[in-house]
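Working notes, beginning with the structure itself.
Throughout, read-outs are computed from the coordinates displayed, never taken from laboratory work. No experiment lies behind these values; they were computed from the predicted model shown. Glycine also receives a Cβ, built like all others from the backbone with ideal geometry; neighbour counts cover every protein chain displayed.
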Amino acid sequence: MREAAFIKQNKDKWLRFESLLQNKNNRVPAEQLSDIYIEVSDHLSYSKTFYPKSNTTTYLNQLAASAHQRIYKNKKESQNRFITFFTKEFPLFFYNFQKQLLLSFLIFSLFSAVGAFSAASDHTFVRGILGDAYVNMTLQNIAEGDPMAVYKKMAATDMFLGITINNIRVSLMAFSMGVLAGIGTVFILMQNAIMLGSFQYFFYDQGLLWESARTIWIHGTIEISVIIIAGCAGLVLGKSILFPGTYTRLNSFTKGVKNGLKIVISTVPFFIIAGFLEGFVTRQTQMPDWLAILIIGSSLALILFYYIFYPHILHKKQIHEARLH
């Protein structure tokens, strides 16, 4: 093929590739970039064979280099995607689900109160919820002067791993049960909330409310908060089934699964932190009150900032930038 015919056959394609690669604001999918690079490389190889010293070969060499550079840049960005997801993408995304978060919190609070009230009304209720073995063991620990000894019985690392895995399992269950139109999620929240309410009343009844609270909430502040957030993910899934809006029910469900899964993924680092605190820190029952309060307060501030305040800050910033443009 003559060089002029080769250029005429592919010129429009090359110009389109060049325009696509030079537009830095245009996010080109990785697959499309790969296709461009392969096609330009084939053309370059042909040109090198038949027109080794022509301007066409020089031009195609530059075009192939630009495609390769763009691919490398995309790979570099994908390596930072993990950080970007947690620092920008997710908080801005989660701004849209503050109502579901509030609903999950209210459901959990309501059933916590139900658990405490039930325990106050019927002393056998605590045994029914927590089990005779746990109640008897705790009463024995109280009699021996170490009410929180349960947190010292297992090796720290084993407790950390076991608790973390269990909490992630609960989180996934709270989310996945949202497929039952959200009712399953409400049930999971109810179970955990009633257990918490009856648990705290049990220690109150033993005159150890402060002792239990300052110890348990060292890890419980993050653990309980993130269970509520996982409940939010389940409610998002449930809402997608019940209220598809302008989407087909299948499309709405698919979107609900993706949105809920993002919320669940965001909780994993926090469950790891909660597991670490329960495994290694909660057992330090001799720590001064001010240190326990500092850990609890810092944990609460972290959750409130990341899931409530920071999404609002990013949303306002986004609106402000849009107005400027």
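Of note:
- Computed from Cα atoms, the angle from the helix 30-50 axis to the main principal axis of the chain rounds to 30 degrees.
- Under the Karplus curve 6.51 cos²θ - 1.76 cosθ + 1.60, θ = phi - 60°, whole-Hz ³J(HN,Hα) for segment 220-233, x wherever Gly or Pro sits: x, 4, 6, 4, 5, 4, 6, 5, 5, 5, 5, x, 4, 4
- Averaging the Cα positions of each part gives two centres, and for segment 234-277 and segment 136-171 these lie 30 Å apart.
- With a threshold of 23 Å on the Cα-Cα distance, the over-threshold entries among Lys239/Lys262; Lys99/Lys262; Lys258/Lys317; Lys239/Lys316; Lys255/Lys317; Lys88/Lys258 are Lys258/Lys317; Lys239/Lys316; Lys255/Lys317.
- Estimated [θ] at 222 nm from DSSP helical runs (n ≥ 4, -39500 (n - 2.57)) normalised by residues in the chain, nearest 500: -26500 deg cm²/dmol
- In terms of the mean number of neighbouring beta-carbon atoms within 10 Å, the peptides 38-49, 135-146 order highest first as 38-49, 135-146.
- For the chain: relative contact order, % (alpha-carbon pairs under 8 angstrom, 6 or more apart): 22 percent
- Counted by neighbouring Cβ atoms within 10 Å, the residues Ile273, Ile83 run from fewest to most as Ile83, Ile273.
- Label point at Thr157 placed 7 Å out along Cα→Cβ; residues across segment 237-272 whose backbone nitrogen lies under 20 Å: 272
- Rounded to the nearest 10 degrees, the inclination of helix 156-176 to the longest alpha-carbon principal axis of the chain is 70 degrees.
- Summing Lys and Arg as +1 and Asp and Glu as -1 over all other residues whose Cβ lies under 13 Å from the Cβ of Thr58 gives a net charge of +1.
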